Structure formats: structure tokens, C-alpha cells
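The block underneath contains the structure these notes are about, expressed in C-alpha cells.
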Amino acid sequence: EHYPGSVLQRCTVFLSTHDTPRILTVFLENQPSWERAIRLEQLAALMQFCLPGMPCVCYGDEAGREGGADPDNRRPYPWGRENRRLLEWYRTLGGLRRRCPALGTGSFSCGAASESLLWLRRSRDGQDLVLYLYTGDAPVSVPGRKCLLELGAEVRPDSVVLNPFSAALLAADE
């Protein structure tokens with residue numbers, strides 16, 4: 001809200017860099033399991049690709065590369081040992097970003113429906129998208145008929161049920 005839209009569209013959005021601990025390592029240090037840390041990286045990457053600006057993936061994050069403080073964060077790319085689930089997720093996000101103009105240069109607003117439910121809205125040329133990210137403990141339902149992408153959510157005819165640590169990107173109802 002403090003920057004003009006043209007500036008926000010040109011910002012680079014990072015989860016990790018070669019100067020910071022890897023995002024997966026940060027999550028592994030604070031989560032009860034490998035599966036939860038992977039899910040959190042997927043949620044964070046989804047948010048990264050839906051925020052204004054240009055998502056920049058530090059080599060290896062898309063493959064599950066771990067690494068702590070410098071120089072541990074500069075480990076080589078894990079050729080042949082990539083985390084396939086993460087790799088496919090990042091490919092899906094790249095394709096989604098290319099297909100949805102609102103994610104590239106659309107207007108932006110965000111808010112919190114609760115302490116554990118965040119929403120982001122992107123709009124451009126009639127395309128109106130809402131991303132819900134949920135980290136609560138019990139399922140919650142959000143309205144929506146057209147789900148473009150979900151992660152751990154249940155799509156129903158007129159709503160999406162967000163399970164713990166899930167997300168859904170919806171085309172907003174007209």
C-alpha cells in the first residue's frame with residue numbers, strides 16, 4: 001500500500017537466496033515432520049507466485065535442496081535426487097502464472113479472514129482470482145465454484161473445504 005503498483009509489479013519475490021538459509025531448512029527446523037515442511041514450502045511457493053512482482057526461485061529450492069547459514073546454503077543442485085513432488089509443484093505454478101494474466105500484472109489486495117486463513121486477490125481485464133491459504137487445525141469452507149488449483153483442499157460444487165495446511169486458487173464469482 002506504500003508503493004505504487006508499477007513498483008510492486010517489478011519487485012522480486014524470494015523465498016530463499018544464496019545469502020539466506022534455504023526455505024525448506026527453515027521449515028524443517030520449526031515443523032514436526034518432513035511432510036509438513038514440504039507442504040509449507042508448497043504453500044509458500046504458491047503465495048510467492050500469486051503475489052505482485054516477479055517470483056525468483058533460488059536454484060535447488062524447487063528440488064528440495066536444504067542448507068543452513070552461509071556457506072551451507074550454497075550446496076550444489078541435487079541432480080538425479082530432486083524431490084519430484086516439489087519439482088512438479090513449481091512447474092505447475094509457472095504454468096499457472098503464464099496462463100493467468102491477473103497473476104502477472106493484476107491489481108492486488110489481501111487480508112486475513114482469521115488468524116489461520118489468509119486471502120489474496122488479483123484482478124486484471126475481467127479475470128478475478130482469490131487465493132486462500134489455510135494453516136488451521138480444523139477444516140473450513142470458503143465459497144467458490146471454479147477452482148483453478150488446490151493443494152490439500154476438497155472441491156465441492158459451490159465451495160471449497162480447506163483442510164489443515166491447504167490452499168485453493170479460485171476464480172471469483174461474478
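Couple of notes before you dig in:
- Max mean-square fluctuation residue, GNM over the chain, Cα-Cα springs under 10 Å, options SER141, SER114, SER16: SER114
- Those GluC sites (Glu not before Pro) in the range 80-116 that DSSP places in a loop and that have at most 12 other beta carbons within 10 Å: GLU115
- Built amide H within the under 5 Å cut-off of ASP128, gap 5+: ALA172
- Considering helices alone, the calculated mean residue ellipticity of the chain at 222 nm is -8500 deg cm²/dmol, with DSSP H runs of length four and up weighted by -39500 (n - 2.57) and normalised per residue.
- Close amide H partners of VAL160, meaning residues 5 or more places away or on another chain with modelled amide H under 5 Å apart, are VAL142, GLY144.
- Label assignment, Kirkwood radius over Cα pairs in Å derived from the structure, set [x] 22.2; [y] 16.8; [z] 17.6: [y]
- Span-rule helices in the chain, defined as complete DSSP H runs reaching 20 Å or more along the axis (Cα) with Kyte mean at least -1.0: 34-50
- Ligands, DNA and RNA are left out, and with a 1.4 angstrom probe the accessible area of the chain is 53 Å² per residue.
- Across the range 74-122 the C-alpha pair distances fall into 10 Å bins from zero in the proportions 20, 28, 32, 19, 0 percent.
- When the convex hull of its Cα atoms is viewed from all sides, the range 37-136 shows a mean projected area of 7.4 nm².
- The chain - percent of accessible surface contributed by carbon and sulfur, probe 1.4 Å: 54
The values are calculated or read from the model by the stated rules, or taken from the named source; none is laboratory data. Given the structure is predicted, the values throughout are model-derived calculations rather than measurements. Quick reminder, even Gly has a Cβ in these numbers, built from the backbone with ideal geometry, and neighbours come from all protein chains shown. Heads up: the accessible areas ignore ligands, DNA and RNA and are worked out on the full protein's heavy atoms, side chains in. Shrake-Rupley method; radii C 1.70, N 1.55, O 1.52, S 1.80 Å.
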